[in-house]
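In what follows, a single structure is set out as structure tokens and then discussed.
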Amino acid sequence: MSKRVSRLDDAARAGWLYYVAGNTQDQIATKLGVSRQSAQRLVSLARSEGLVRVQIDHPIANCLELSDALKARFGLKFVDVVPTDPGSDSTITGVAEAASAEMERWLKREEPVLIAVGTGRTLKAAVELLPRMDCRHHKVVSLTGNIAPDGSAAYYNVVFTMSDSVNVRSFPMPLPVIATSRGEREMLHAQAMIKPTLALAARADVTFVGIGDFSEDAPLYVDGFITPAELATLRSAGAAGEIVGWSFDSEGKLIQGITNERVASAPIPPRETSLVIAAAKGSRKFPGISGALRGNLINGLITDEETAEHLLRTA
């Protein structure tokens, strides 16, 4: 047995003793024959390695009320509002955990389902929280290309990360996120190995996406998919947010030309047949989330209290 496996075994024991059996760290140290500091590190390792997942089984009234209000106001099929941590500026914490839990519910279904996934930091964090599962009867298809501008694998592409923890048939999109020209995109989409993947994406039962913003450090720009000049042009054109590379304005209408004519991603699956859930929160994403809702680009939302309250206040 390797040292790492042995240490993970110790971490799992420490995590069980702490979270399930309710032992203090002093008690864990005594039972495992280690120092209190070592016991503390083992408990922390159990959380960081995903060996322990904490679930609060108590309905939070304000979150439930906000969920119902968002459903009614925007005609959504699914809403999950998580508590806001006033002391955190993270755009992932809370939302990633909720998205992971919803993904897990779909993956646990006995009947085969087709899941489409976008890309981004929130979704990657959500997928990393998934437990080991055998889901060979399901399919997961990527909506977006998984090749970065330098030819490497896109870091925040979700479908590969998902395959690492979940035994599921996966269908990546071997394309750049944004092609160099409209003609190149059309040529790539006409390839025999790409057309079936695009067709599969259009038939998704459920879709999980993130929503990117167009601030000075917009994900599309920071990750190298668009240039500073393109970012400026998109902002001047009124871009409020983007989903799998598709830029849209405050009313949810796709921006004409610019980068949209070169986006190699699959179209967002039809909301009439797919539950399209966006996982996003935070003030930087207010315009994008609002635009996606107004334009009916999504019919499901996972967000936090602060964002929910803003969306309802400005509806």
For this session: Determine the sum of side-chain charges near Leu129: Lys and Arg each +1, Asp and Glu each -1, restricted to other residues whose C-beta is under 14 angstrom from that of Leu129.
Result: 0
For this session: Give the percent of DSSP beta bridges with both residues in the chain that are antiparallel, rounded to the nearest 5.
Result: 25
Exercise. What helices does the chain have that are whole DSSP H segments, at least 27 Å long along their own axis by Cα, and with mean Kyte-Doolittle hydropathy of 1.0 or more?
Worked result: none
For this session: Quote to one decimal, in nm, the extra length available between Met193 and Ser90 on full extension: 0.36 nm per residue of separation minus the C-alpha distance between them.
Result: 33.3 nm
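Within the set of other residues whose C-beta is less than 15 Å from the C-beta of Gly238, count the net charge using Lys and Arg as +1 and Asp and Glu as -1. Walk me through the numbers on the way to the answer.
Numbers: positive: Arg235, Lys253, Arg294; negative: Asp213, Glu230, Glu242, Asp249, Glu251.
Charge balance near Gly238 sits at -2.
What percentage of all Cα-Cα pairs in the stretch 3-48 are separated by more than 18 Å? The partial results should precede the final answer.
Numbers: 127 of 1035 pairs.
Taking all Cα-Cα pairs of the stretch 3-48, the fraction more than 18 Å apart is 12 percent.
So if each residue of separation counts as 0.36 nm, and I subtract the Cα-Cα distance between Arg53 and Arg109, what length gain in nm does that give? Please list the in-between numbers first.
On the way: separation 56, 0.36 × 56 = 20.16 nm, distance 2.03 nm.
Additional length available on full extension: 18.1 nm.
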Problem set entry | Theoretical gain in end-to-end length, Ser6 to Asn296 [0.36 nm per residue, Cα-Cα removed] | 99.4 nm
For this session: Would you mind ranking Asp213, Asp10, Asp26 so that the residue whose beta carbon has the fewest other beta carbons within 10 Å leads the list?
Result: Asp26, Asp10, Asp213
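Within 10 Å of each candidate Cβ there may be at most 15 other Cβ atoms; applying that plus a DSSP loop requirement, which trypsin sites (Lys or Arg not before Pro) in the stretch 224-269 survive?
On the way: sites: Arg235, Lys253, Arg262; in loops: Lys253, Arg262.
Answer by residue number: Lys253.
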For this session: Run the numbers on the stretch 61-313 and let me know its relative contact order in percent, using alpha-carbon pairs under 8 Å that are six or more apart.
Result: 24
Exercise. Under a GNM of the chain (C-alpha, springs under 10 Å), which listed residue has the highest mean-square fluctuation: Ala192, Ala240, Ala72?
Worked result: Ala192
For this session: Could you list Arg185, Arg169, Arg284 in order of exposure, starting from the residue whose Cβ has the fewest other Cβ atoms within 10 Å?
Result: Arg169, Arg284, Arg185
Exercise. Among Thr273, Ser290, Thr197, which residue has its Cα positioned farthest towards the positive end of the charge dipole of the chain, with +1 placed on the Cβ of Lys and Arg, -1 on the Cβ of Asp and Glu, and the dipole taken about the Cα centre?
Worked result: Thr197
Exercise. Any idea what diffusion coefficient the stretch 152-241 gets from Stokes-Einstein, in µm²/s, Kirkwood Rh on alpha carbon pairs, 4 °C, 1.567 mPa s?
Worked result: 84
Exercise. Using only the Cα atoms of the chain, what do you get for the radius of gyration and for Dmax, in Å?
Worked result: 21.0, 67
Exercise. Met173: net charge of surrounding residues, Cβ under 13 Å, Lys/Arg +1, Asp/Glu -1, itself excluded?
Worked result: +2
For this session: Take the chain, connect every pair of alpha-carbon atoms lying under 10 Å apart with a spring to form a Gaussian network, then pick out the residue of Gly245, Gly210, Gly87 with the largest mean-square fluctuation.
Result: Gly87
For this session: State the Kirkwood hydrodynamic radius of the stretch 96-207 in Å, one decimal place, computed from all pairs of distinct Cα atoms.
Result: 14.4
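Per DSSP H run of at least 4 residues, take -39500 (n - 2.57); add these up for the chain, divide by its residues and hand me the 222 nm value, nearest 500 deg cm²/dmol. Don't skip to the end; give the middle numbers.
On the way: 13 runs with 124 residues, N = 315.
Taking each H run of at least 4 residues, the total per residue is -11500 deg cm²/dmol.
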Exercise. Which chymotrypsin sites (Phe, Trp or Tyr not before Pro) from the stretch 138-229 combine a DSSP loop assignment with at most 16 other Cβ atoms within 10 Å?
Worked result: Tyr155
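With a 10 Å Cβ neighbour count serving as the proxy for reagent exposure, in which order, fewest first, do Cys63, Cys135 appear? Numbers along the way, then the final one.
Numbers: Cys63 18, Cys135 21.
Fewest-to-most Cβ neighbours within 10 Å comes out as Cys63, Cys135.
What's the Kirkwood radius of the stretch 237-315 in Å, using all Cα pairs? Intermediate results must be reported in sequence, preceding the final value.
Values: mean 1/r = 0.0777 Å⁻¹.
The Cα-based Kirkwood calculation yields 12.9 Å.
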Seminar exercise, completed: The size of the Cβ-based charge dipole (Lys, Arg +1; Asp, Glu -1) of the stretch 3-48 about the Cα centre, to the nearest 20 debye, is 180
Exercise. What residue among Arg36, Arg53, Arg73 shows peak mean-square fluctuation when the chain is described by a Gaussian network model with Cα springs under 10 Å?
Worked result: Arg36
Exercise. For labels at Glu216 and Val20 in the simple 7 Å Cα→Cβ model, what's the distance in nm?
Worked result: 4.9
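Each value in this text was obtained by applying a stated rule to the coordinates, not by laboratory testing. Note that this is a predicted model, so its numbers are computed, not measured. Glycine also receives a Cβ, built like all others from the backbone with ideal geometry; neighbour counts cover every protein chain displayed.
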